[in-house]
Amino acid sequence: MSKAIRKVLIGGNWKSNGDLAFIKSFVPSVLNTLKFEDSKCQVVVSPTSLHMHLVKTLISNNVQVSCQNVSQYPSGAYTGEVTSKMLKDLGFNWTLTGHSERRQFFSESSDVVAVKTKEALDEGLNVIVCIGENLTERTENRTFDVCISQLTPILKNISHLKLWKDIVIAYEPVWAIGTGKTASPEQAQEVHFKLREWLASNVSKDVAQETRIIYGGSVTETNAKDLITQADIDGFLVGGASLKPGFTAIVDSHKYKF
């Protein structure tokens, strides 16, 4: 499907990890030493909401900072929520939505994820939308059906094609997140290819060519090169490995795309 070479995106999701000592060490020693051409690669890290501002102030290159989650509601009486408007006001331009842990542990439905995504897009945020199947769904050959069921509510909520330029789709098979198991490059490519075909049929051919679809699921410095060279894999969303010095090698893998 994909002839265009899209700008690679390497995302690091820190989840509920990190403290002041880690941040004050990791940002200067790892993040600030990353080398990448802005025209070819973006690097976006997602610390906890508490740590986002500190990380942003310590970064000295073009690494960007993302929220891990965002409210489905605008500003108002919603105790404990971080809104899209607040993120923009503080100079942040990215958020994740729909991570499998939000779906699993906090019962976020695909409809809720779609509302969150639209709220973020309407405020001008870039959104990394996470989708993916669990092990049972994979063994029952329902991978693609599950992914489409998670994307369809988002499609229904987005009224303007131009908003798709601010969406990155992260395909993260749940069975491969933090398990050490990784979809083979061929397995991952197959899903990415089908997702791009779906975008072409249901959104537009231009959106299908331009939308970045990244892979997540036990990506490491060892397997990153083989994954990134697949035609329809446009980068990674990395969990545990984004907290280690080896994140540098994962970012460096983008060079093999060009």
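The values are calculated or read from the model by the stated rules, or taken from the named source; none is laboratory data. The structure presented is a predicted model; accordingly, all values stated were derived computationally and were not measured. Every residue, glycine among them, receives a Cβ derived from its backbone with ideal geometry; neighbour counts consider all protein chains shown.
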Exercise for the section: Could you please give the count of residues in the stretch 38-82 that are of a type outside the set (Lys, Arg) and not in a loop (DSSP other than H, G, I, E, B)? Expected result: 16
Exercise for the section: State whether one or more residues within the stretch 53-63 are among the β-branched types (Val, Ile, Thr) and closer than 24 Å to Ile148 by Cα. Expected result: no
Exercise for the section: Looking only at the stretch 225-237, decide whether some residue is touching a Gly at 6+ places or on another chain (Cβ under 6 Å), within 22 Å of Glu186 (Cβ to Cβ) and in a loop (DSSP other than H, G, I, E, B). Expected result: no
Exercise for the section: Quickly run through the stretch 125-167 and pick out the residues that are without any contact (Cβ under 8 Å) to a residue 60 or more places away in the chain, of a type outside the set (Val, Ile, Thr) and more than 21 Å from Ser204 (Cα to Cα). Expected result: Leu125, Glu133, Asn134, Leu135, Glu137, Arg138, Glu140, Asn141, Arg142
Handout entry: Number of positions in the stretch 164-178 that are assigned to a helix (DSSP H, G or I) and within 11 Å of Tyr215 (Cα to Cα)
Key = 1
Fill in the blank from the handout: Residues of the stretch 242-258 being closer than 17 Å to Pro28 by Cα and either in contact with a Gly (Cβ under 7 Å, 6 or more places away or on another chain) or outside any loop (DSSP other than H, G, I, E, B) (or both), in sequence order, are Ser242, Leu243, Phe247, Thr248, Ala249, Val251
Practice task
Consider Val112 carefully, then state whether it is of a type in the set (Val, Ile, Thr), at pLDDT 95 or above, closer than 22 Å to Gly216 by Cβ and out of contact with any helix residue (DSSP H, G or I) (no Cβ under 6 Å at 6 or more places or on another chain).
Solution key: yes
Exercise for the section: Determine, yes or no, whether Lys181 is over 17 Å from Val45 (Cβ atoms) and either at pLDDT 95 or above or assigned to a helix (DSSP H, G or I) (or both). Expected result: no
Exercise for the section: Could you name every one of the helices (runs of 4 or more DSSP H) located completely within the stretch 88-161 that has at least 1 residues being surrounded by fewer than 17 Cβ atoms within 10 Å (Cβ to Cβ) and among the aromatic types (Phe, Trp, Tyr)? Expected result: 100-105, 143-157
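Residue-by-condition table, conditions (1) under 15 Å from Asn126 (Cβ atoms); (2) surrounded by fewer than 20 Cβ atoms within 10 Å (Cβ to Cβ):
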residue	(1), (2)
Gly11	yes, no
Lys15	no, yes
Ile23	no, yes
Pro28	no, yes
Pro47	no, no
Leu54	no, yes
Leu58	no, yes
Thr79	no, yes
Exercise for the section: For the stretch 188-224, enumerate the residues that are under 21 Å from Ala249 (Cβ atoms), part of a loop (DSSP other than H, G, I, E, B) and among the hydroxyl-bearing types (Ser, Thr, Tyr). Expected result: Ser218, Thr220, Thr222
